[in-house]
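What follows is a single structure, written as structure tokens, with notes after it.
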2 protein chains.
Amino acid sequence: MSVTDELLANAELYARDFDKGHLPLPPARGVAVLACMDARLNVYGLLGLTEGDAHVIRNAGGAVTDDAIRSLAISQRLLGTREIILIHHTGCGMLTFTDDEFRTRIEEETGIRPPWAAEAFSDLERDVRQSIARIKASPFIPHKDSVRGFVYSVEKGTLTEVS
Amino acid sequence: MSVTDELLANAELYARDFDKGHLPLPPARGVAVLACMDARLNVYGLLGLTEGDAHVIRNAGGAVTDDAIRSLAISQRLLGTREIILIHHTGCGMLTFTDDEFRTRIEEETGIRPPWAAEAFSDLERDVRQSIARIKASPFIPHKDSVRGFVYSVEKGTLTEVS
């Protein structure tokens, strides 16, 4: 039995008790969260979210890539969110390599150099500030009054704001 | 009090009971999930995941963009995941507009046409198949034996595999 099959069995249990079938499309809390994909970061649990509350966008590093801007633009322009919460975290895998190393390794193995940056970083707080700055600089994000960035501690379970 | 501040108060409660401070960086279940950012889709709840289990990548539509490929490549190459689960869902916002409409509207409002596709789609199952095909075609994803795609019903809470 694959892990996927095990998780599908969990999904059957979830459906059995399901009572949230009439939630509207726009997020009830008007918030979009952009966070790292890290397995230890439970965005719903950490922020106390429940079904219908918030858009959750996640990628390697919680980076403000063009794709994250695309998602945030759709979130704000079509689905009414107004606040953005950015979450990076301690012990992030993105701190363990450089863009050049990663892309060179892939090139050596596959013969093709990825056309995208890996978005690795060496300073956690500076990267949170970089992420906020990228959002503030984007012409496609209309609501920028509440764009706040945080570092989640995978050791302590705490969120610390980066100012 | 902003919604962000309310969610930060929830995060303080989460930290108070936190007892998962020693989880390793690689996901315990060896799985990466790529899902839509939709607020009604609770990936942890649905799949019965807990802290440390799986990478969770999310964007508007759960689209296999270059950024999703970047995240999946990092997940498999650096952090050992082997299975990929794709989740689209009924009632998706991405079914309600076209790429051209969205980009033209932004161009009219901001003067700048986004350089990225919005990744809107008109057929849910076809888009899941498109997503699987993009992953299978990517030279940067080494493990493709278990790439499975699903439609989550926001009305019923069920997952249905697309074959």
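The values are calculated or read from the model by the stated rules, or taken from the named source; none is laboratory data. For clarity, every value in this text was computed on a predicted model and none was experimentally measured. Neighbour counts run over all protein chains shown; Cβ positions are idealised from the backbone, glycine included. We work out accessible area using only protein heavy atoms, side chains counted, and drop any ligands, DNA or RNA first. Shrake-Rupley method; radii C 1.70, N 1.55, O 1.52, S 1.80 Å.
Before we move on, is A:G80 under 22 Å from A:V43 (Cβ atoms), facing chain B (nearest Cβ under 8 Å) and more than 15 Å from the chain's Cα centre (by Cα)? So A:G80 fails the test. In the range B:68-77, the qualifying residues are those that are over 15 Å from B:S146 (Cα atoms) and crowded, with 24+ Cβ neighbours inside 10 Å, and the one that is farthest from the other protein chains (Cβ to nearest Cβ) is B:A68. Of all the numbered requirements in (1) surrounded by 18 or more Cβ atoms within 10 Å (Cβ to Cβ); (2) modelled with pLDDT under 95, A:V154 misses one, and that requirement is (2).
Within the range A:14-28, track down each residue that is basic (K, R) and either in a loop (DSSP other than H, G, I, E, B) or under 14 Å from the mean Cα position of the chain (by Cα) (or both). Scanning the range A:14-28 gives a single hit, A:K20.
Being touching a Phe, Trp or Tyr at 6+ places or on another chain (Cβ under 7 Å) and of a type outside the set (S, T, N, Q) is the filter; apply it to the range A:1-44 and report the residue that is nearest to the other protein chains (Cβ to nearest Cβ). So, considering only residues that are touching a Phe, Trp or Tyr at 6+ places or on another chain (Cβ under 7 Å) and of a type outside the set (S, T, N, Q), the one nearest to the other protein chains (Cβ to nearest Cβ) is A:Y44. Just to be sure before I move on: is B:L8 among the aliphatic types (A, V, I, L, M) and within 23 Å of the chain's Cα centre (by Cα) in the structure I sent? No: the conditions fail for B:L8.
Under the condition of being open to solvent by 10 Å² or more (accessible area, probe 1.4 Å) and either of a type in the set (S, T, Y) or at the interface with chain A (Cβ under 7 Å from one of its Cβ atoms) (or both), the residues counted in the range B:98-114 number 4. Counting only residues that are assigned to a loop (DSSP other than H, G, I, E, B), in contact (Cβ under 8 Å) with a residue 40 or more places away in the chain and open to solvent by less than 10 Å² (accessible area, probe 1.4 Å), the range B:29-63 holds 3 of them.
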